[in-house]
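A short write-up of the structure that comes next.
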Amino acid sequence: MNYNKIIIAIIGVFSFFACENDPFYYQDQARVRMVGPEEWTLGTDSLEFSFAHYSSGIEDTTFQVILNVMGEAASTDRTVTVGVVADKSTAQTAQYSFPESVTVPAGAYEAILPVTIFRDESIKDAAVRLKIVVKESSDFLVGVAEETELTIIWSDILTKPVNWNDLEEFFGEYSLVKYRFIIDTLNQGNFDTDELSWAQMKNYQIILTDALLEYNEMNPNNPLTDENGKLVTF
């Protein structure tokens with residue numbers, strides 16, 4: 001055996017053991033790992049979401065969770081089963097929705113699990129938590145431990161922006177009622193005065209003044225009043 005053959009043999013042995021130790025290399029039954037939406041999880045196994053800066057008309061939102069197959073594609077459809085880790089979740093069943101099983105089409109390496117969370121009165125006081133987990137099924141075993149669960153935490157707790165002093169020129173004195181009115185009218189709750197021009201902020205003030213006038217005209221006996229009993233003004 002010459003040196004080239006010896007080198008090739010050694011490389012082959014190392015490659016074999018490397019594959020054996022690779023968590024995504026399987027010779028047995030296929031497995032599934034769960035990956036949350038990157039823009040929200042940033043590579044972690046959890047995400048946090050607040051409804052507070054969205055219009056009151058927004059009642060729910062849906063996250064697209066990816067279920068990745070670890071192993072070869074199949075010639076037939078396969079089913080991934082998912083569930084809730086009850087002792088690590090505080091959300092009630094009425095506060096979320098997702099299918100208990102998802103189909104991985106024949107020839108595919110992934111499927112999408114849509115997870116919808118709902119906005120209700122209870123999350124204005126405290127956040128709720130939901131932990132979803134991949135469960136073993138007739139088609140798949142559970143994947144690597146670090147990527148079999150996803151935690152979603154959400155709330156609707158409105159708090160005073162840290163830069164309200166910069167906004168006071170345009171919006172006036174802060175109150176929760178006023179801030180909610182601003183969000184519902186403009187459909188946004190973040191106002192970075194380093195990025196927004198004076199003219200843009202002034203335009204927001206005009207829009208809010210007109211919207212408040214319209215609201216009060218429609219409610220002549222109940223003009224918009226804040227939690228302190230003061231009339232809301234801009």
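So here's what we get for this one:
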| quantity | calculated |
| --- | --- |
| Residues of the range 68-81 that turn out to be of a type outside the set (Ser, Thr, Tyr), out of contact with any Pro (no Cβ under 7 Å at 6 or more places or on another chain) and either assigned to a loop (DSSP other than H, G, I, E, B) or free of Cβ contacts under 8 Å to residues at least 40 places away in the same chain (or both), as a count | 4 |
| Test: LYS202 is without any contact (Cβ under 8 Å) to a residue 60 or more places away in the chain, surrounded by 16 or more Cβ atoms within 10 Å (Cβ to Cβ) and not hydroxyl-bearing (Ser, Thr, Tyr) | no |
| Criterion: loosely packed, with under 15 Cβ neighbours inside 10 Å, outside any loop (DSSP other than H, G, I, E, B) and modelled with pLDDT of 95 or more - qualifying residue of THR233, THR185, THR209 | THR209 |
| Contacts under 8 angstrom Cβ, first residue in the range 160-177 being within 16 Å of GLN205 (Cα to Cα), partner assigned to a helix (DSSP H, G or I) and of a type in the set (Asp, Glu), 6 or more apart | TYR174/GLU168 |
| Single condition ASN219 does not satisfy, out of (1) more than 25 Å from SER50 (Cβ to Cβ); (2) surrounded by 12 or more Cβ atoms within 10 Å (Cβ to Cβ); (3) without any contact (Cβ under 8 Å) to a residue 60 or more places away in the chain | (2) |
| The range 107-126, residues that are under 23 Å from ALA52 (Cβ atoms) and without any contact (Cβ under 8 Å) to a residue 40 or more places away in the chain | ASP120, GLU121, SER122, LYS124, ASP125, ALA126 |
| Selected residue (criterion: farthest from the chain's Cα centre (by Cα)) from residues of the range 51-67 that are crowded, with 17+ Cβ neighbours inside 10 Å and outside any loop (DSSP other than H, G, I, E, B) | LEU67 |
| Selection status of LEU42, touching a residue at least 40 places away in the same chain (Cβ under 8 Å) and within 18 Å of the chain's Cα centre (by Cα) | no |
| Members of the range 29-50 found to be exposed (fewer than 13 other Cβ atoms within 10 Å of the Cβ) and either within 26 Å of ASN190 (Cα to Cα) or touching a Pro at 6+ places or on another chain (Cβ under 8 Å) (or both), listed by number | GLU38, GLU39, LEU42, GLY43, THR44 |
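Results for (1) part of a strand (DSSP E or B); (2) out of contact with any helix residue (DSSP H, G or I) (no Cβ under 6 Å at 6 or more places or on another chain); (3) surrounded by fewer than 18 Cβ atoms within 10 Å (Cβ to Cβ), shown as yes or no for each residue.
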| position | (1), (2), (3) |
| --- | --- |
| GLY83 | yes, yes, yes |
| ASP87 | no, yes, yes |
| THR90 | no, yes, yes |
| ALA108 | no, yes, yes |
| LEU113 | yes, yes, no |
| THR116 | yes, yes, yes |
| ILE123 | no, yes, no |
| ASP139 | no, yes, no |
| TRP154 | yes, yes, no |
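The values are calculated or read from the model by the stated rules, or taken from the named source; none is laboratory data. These numbers were taken from a predicted model, which means no experiment stands behind them. Note: ideal-geometry Cβ built from the backbone for every residue, glycine included; neighbour counts use all protein chains shown.
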